[in-house]
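Here's a structure for you.
Each value in this text was obtained by applying a stated rule to the coordinates, not by laboratory testing. Remember, predicted model here, so these are calculated numbers, not experimental data. Reconstructed Cβ throughout: ideal geometry from the backbone, glycine too, with neighbour counts over all protein chains shown.
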Amino acid sequence: MQLKGEEATDILISRILKGTADTDEIEEFAEWIKDIDNERYFEQYKEVWHSAQEVHVSEGKKDQSLQSLIHYIRYNKKRQSNRRRFIFVISSAAAILLILGLFSLYDNYNMWYNYSHVSFSELKYNTDSIKVVLSDGRVINPMRKSPYYAKEKELNLNSADQREISYVAQKTGRPQKSESLKYNSVSIPSGERFAIVLSDGTKVYLNSNSYIRYPVSFGKESRDVTLVGRAYFDVQKSDVPFIVTTSDMKVEVLGTSFDVESKKDATSSSVILVEGSVKVLADGQSKIISPNEMLSINRLHKKMSVKNVDSKTMTLWKDGILVLKEQSIDSMLESLCSWYGVEIVNNSTVSRREKFNGKFDRENIEAAMKTIALCAKVRYRIENGILIIEDINE
Amino acid sequence: MGNFTNNEDLLNALKAGGEEAFSFIFVKHYGNLFSYAYRILNDNSDAQECVQKTFYHMWDIRHKLEIRDSIKSYLYRSVYNNCINIIRQKKLLLKYEEKGQIDLYFSRIIQSPQTEMRLIDSETRRAILQNVGSLPEKCKEIFIRCKINGQSYAEVAGIMDISIKTVENQMTIALKRLKEKLKYFILF
């Protein structure tokens, strides 16, 4: 083949392969390839043409396409389970139901999709464990059953519920004088929850970030416990008064169910009564409250106030459901941090005056975050294991 | 990202709609599939759409996904079919239809998935890439423009601001060097 001829042939072939050949060229090519040598030439040319072209796709484009695929998968999975999910939200008490004004789930449907790429597996959870400090100073983790622990003298670790210990069976003969009482204490980190049955049969539910100190066996004059954080008490009836002491009040009862909240760095502490009656002593004042009343003590002005609440709902946390009522975004996120044992940073500009209501179950922070993002009109991402909340148009 | 060393595990994970499994095969094959689609379609965004659709479709039909030989060959066949659909939609073969040469296009011109898969890991392709790659920069550019892009010597001379004679000389050098290395080719 002549060089000139070869040049023309190569142009023809590469235009055919590139799809830029016009009708005349196609006709010319169809004639040309009928020759067996030409056909061989073309086959090899085609091989070189396909081999020598280095078609590179940028990492950015590739990543973008991968993200689209992941979106597609999650979006379709969600769409397929959406009907089921919606019924679940309404019917299950343990599910989430955030209601805010005129908010409509369907109008905002597309937003579910926008958050779906956040991978919650990257979220860092608190890894501290529940600690029980025995009277001799030894520390045990009640969640970690071991033959060694099971033989503990002071308490019974063999409860059916792993998140519960009991002191009921630990009979130490007759009630002892208060000076000789032996004390244990339990601390609950964020993201955890625990229950203790005290020696008199009183059951104490402890919320996350709480601490309680109590005698292994109560004395005969009074039943005294010390609390930091939040606990729900189901007190066994007895003539011996049961007293919960916190940093700013004493709650005294004979037999009843109530909820005490006295967090270390909160602006107020409170008592919610479910049934019976309780006497609250604080700062030289005393007040008796009735069922479905909540007494709050403002730590700044030391003022006591009482209001009516739905005590059953407000104490649902002991059954594993977090209920938020009329909370600002910051206090809501703080509750979630403690409840799920995660870190959340709020970079959004949502007004403090906006109030949120909600019910969240313990297991699923992802569903909780989606609902919050939808209601508060914010978005979130996870960076270094921390959840970051920010405005959508940031 | 998950690492699937066992084909059966991977296939089961794909059938279950596992995001990890889909990400895994996406990352593994995307580059080659895109390149393949691009060489058929000669258009960046069409090629991207084609490969994207391939993976979307694979997810849609995951329950009845039947892999006769390998996931890889399923993907190449699927990309090929999607390319043909795009070519049909865009009526890119009108010129061939006019001349009654549709058969020629499908039998000779388009790169079949079988040929592509044979070529992609072949010694031939490796040798071609390596030898074209080791040509002097200018020489390589002239070779690519003429042999791959189908530009005439005069065109290339204009674009590169050199004389036609230089283009001719550089092509001669390129072909001579390639001929030494790739002896079994009649092409050079």
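At a 10 Å Cβ-Cβ cut-off, how would you order B:181, B:91, fewest neighbours first?
In increasing order of surrounding Cβ atoms, one gets B:91, B:181.
Which order results if A:330, B:43 are arranged by neighbouring Cβ count within 10 Å, fewest first?
A:330, B:43
Any idea what the dipole of chain B comes to, in debye rounded to 20, about its Cα centre with Lys/Arg Cβ at +1 and Asp/Glu Cβ at -1?
620
Next up: DSSP H helices in chain B with Cα extent of 18 Å or more along the helix axis and mean Kyte-Doolittle hydropathy at least 0.0?
B:19-41
Can you compute the modelled spin-label distance between residue B:166 and residue B:65, with each label point 7 Å from Cα toward Cβ, in nm?
Each label point is offset 7 Å from its Cα along the Cβ direction, giving 5.3 nm.
Shifting gears a bit: Give me the inter-chain shielding for B:130-140: mean count of other chain Cβ atoms within 10 Å, whole number please.
For this peptide, the per-residue mean of nearby foreign Cβ atoms is 1.
Checking the a/c ratio against 1.5 first, then a/b against b/c, what shape does the Cα gyration tensor give for segment A:3-52?
Taking the square roots of the gyration eigenvalues as a ≥ b ≥ c, segment A:3-52 is rounded.
Still on this model: Karplus couplings for segment A:292-306 from phi (6.51 cos²θ - 1.76 cosθ + 1.60, θ = phi - 60°), rounded to Hz, Gly and Pro as x?
Couplings: 6, 10, 10, 9, 10, 10, 7, 6, 7, 9, 6, 8, 9, 9, 10 Hz.
Taking 0.36 nm per residue of sequence separation and subtracting the Cα-Cα distance, how much length would be gained by fully extending the chain between residue A:386 and residue A:28, in nm to one decimal?
122.3 nm
Please report the base-10 log of the normalised intensity I(q)/I(0) for segment B:123-181, using a Debye sum with one equal scatterer per alpha carbon and no solvent, at each q in 0.12, 0.14, 0.15, 0.30 (1/Å).
Log-scaled intensity ratios, in q order: -0.26, -0.36, -0.41, -1.28.
Can you give me the distance in nm between label points at residue A:247 and residue B:141, each placed 7 Å from the Cα along the Cα-to-Cβ direction?
With each label placed 7 Å out from Cα toward Cβ, I get 7.3 nm.
Then there's this: Want the number for residue A:279 to residue A:303: 0.36 nm per residue separation, take away the alpha-carbon distance, what's left?
Taking residue A:279 through residue A:303 to full extension adds about 7.0 nm, to one decimal.
Of the listed peptides B:84-90, A:323-329, A:12-18, what is their order by residue-averaged count of other C-beta atoms within 10 Å, with the highest listed first?
A:12-18, A:323-329, B:84-90
Among the listed pairs A:78/A:370; A:279/A:303; A:18/B:91; B:28/B:90; A:153/A:318; A:62/B:28, which are separated by more than 18 Å between their Cα atoms?
In this structure, B:28/B:90; A:153/A:318 lie more than 18 Å apart at Cα.
Using unit Cβ charges (K, R positive; D, E negative) and no other charged atoms, how large, in debye to the nearest 20, is the dipole of the protein assembly as shown about its Cα centre?
1920
Calculate one ³J(HN,Hα) per residue across segment A:182-199 by plugging θ = phi - 60° into the Karplus curve 6.51 cos²θ - 1.76 cosθ + 1.60, and present them in order as whole Hz with x for glycine and proline.
9, 10, 10, 9, 10, 10, 10, x, 5, x, 10, 7, 7, 10, 10, 9, 6, 4
On to the next question. Placing one identical point scatterer on every Cα of chain B and ignoring solvent, what is log10 I(q)/I(0) from the Debye formula at q = 0.12, 0.14, 0.16, 0.18 Å⁻¹?
-0.78, -0.96, -1.10, -1.21
Could you sort A:352-358, A:260-266, B:147-153 so that the peptide with the highest average Cβ count within 10 Å comes first and the rest follow in order?
B:147-153, A:260-266, A:352-358
Can you list residues whose amide H is under 5 Å from residue A:217's amide H, if they're 5+ apart or on another chain and H is modeled 1.01 Å from N?
Under 5 Å from the amide H of residue A:217: A:182.
Using the count of nearby Cβ atoms within 10 Å as a rough guide to exposure, how do A:342, B:132 rank from fewest to most?
Least to most surrounded, the residues fall as A:342, B:132.
Sticking with this structure for a sec: What's the extension gain from residue A:213 to residue A:75 if we count 0.36 nm per residue and subtract their Cα-Cα distance?
44.8 nm
Which whole number gives the average count of other chain Cβ atoms within 10 Å of the Cβ atoms across peptide A:11-24?
Taking the mean over all residues of the peptide, I get 5.
Convex hull over the alpha-carbon atoms of the protein assembly as shown: what's its volume per residue in Å³?
Taking only Cα atoms, the protein assembly as shown has a hull volume of 230 Å³ per residue.
Would you tell me the mean number of C-beta atoms belonging to other protein chains that fall within 10 Å of each C-beta in B:88-99, as a whole number?
Across B:88-99, the average partner-chain Cβ count within 10 Å equals 2.
Positive end of the charge dipole of segment A:253-394 (Lys, Arg +1 and Asp, Glu -1 on Cβ, about the Cα centre): tell me which of A:323, A:285, A:337 has its Cα farthest that way.
A:285
Compute the label zone of residue A:161 within segment A:213-249: residues whose backbone N is under 12 Å from the point 7 Å along Cα-to-Cβ.
Within reach of a label on residue A:161, which here means backbone N under 12 Å from a point 7 Å along Cα→Cβ, segment A:213-249 contributes A:232-234.
Which cross-chain or sequence-distant (5 or more) residues have an amide H under 5 Å from the amide H of residue B:18, H modelled 1.01 Å from N in plane?
Amide H neighbours of residue B:18: none.
Assigning unit charges at the beta carbon (Lys, Arg +1; Asp, Glu -1) and nothing else, what dipole magnitude in debye, to the nearest 20, does segment A:131-317 show about its Cα centre?
340
Here is a further query. Output the pairs from A:287/A:307; B:140/B:165; A:182/A:312; B:140/B:179; B:140/B:181 with a Cα-Cα distance over 24 Å in this structure; if there are none, say none.
A:182/A:312
Moving to a separate point now. Pop the C-beta distance of residue A:183 and residue A:265 into the FRET formula with R0 = 30 Å and round what comes out to the nearest 0.05.
0.75
Suppose R0 equals 60 Å. What FRET efficiency, 1/(1 + (r/R0)^6) with r the Cβ-Cβ distance, do residue A:8 and residue B:20 give to the nearest 0.05?
FRET efficiency, residue A:8 to residue B:20: 0.70.
Further question on the same structure: What 222 nm value per residue comes from the helices of the protein assembly as shown, counting each DSSP H run with n ≥ 4 as -39,500 (n - 2.57) and dividing by all residues, nearest 500 deg cm²/dmol?
-13000 deg cm²/dmol
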